[in-house]
């Protein structure tokens, strides 16, 4: 039984390390995309920005930032739009 707990603990530690690394990479990407932190919109959450970072074109990213300033709904509604943009659709 203790071997099972040790194995689970090792898996959890590895998972936490990977999650921390991915989170740091996303924070770095946010900093590179928005080097002036005052340019960040307070209406947007970390989830919004993580989705916005997937968009390569700054003008398209700006469109979605402005759209979020209006009642456009939660980020879940954005997912389909981002998928189409990343696949080259409009």
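The values are calculated or read from the model by the stated rules, or taken from the named source; none is laboratory data. Being a predicted model, the structure only gives us computed values, none of them experimental. Cβ: placed from backbone, ideal geometry, glycine included. Neighbour counts: every protein chain shown.
Tally time: how many residues in region 54-90 are under 20 Å from residue 24 (Cα atoms) and either at pLDDT below 80 or surrounded by fewer than 16 Cβ atoms within 10 Å (Cβ to Cβ) (or both)?
Here is the first cut: in region 54-90, the residues under 20 Å from residue 24 (Cα atoms) are 54-56.
Next cut, either at pLDDT below 80 or surrounded by fewer than 16 Cβ atoms within 10 Å (Cβ to Cβ) (or both) only: 54, 56.
Going through region 54-90 one residue at a time, the tally reaches 2.
Looking only at region 21-41, count how many residues are modelled with pLDDT of 85 or more and assigned to a helix (DSSP H, G or I).
Adding up the residues that qualify gives 13.
If a residue has to be surrounded by 14 or more Cβ atoms within 10 Å (Cβ to Cβ) and closer than 21 Å to residue 67 by Cα to count, how many in region 4-39 make the cut?
Looking only at that region, the number is 3.
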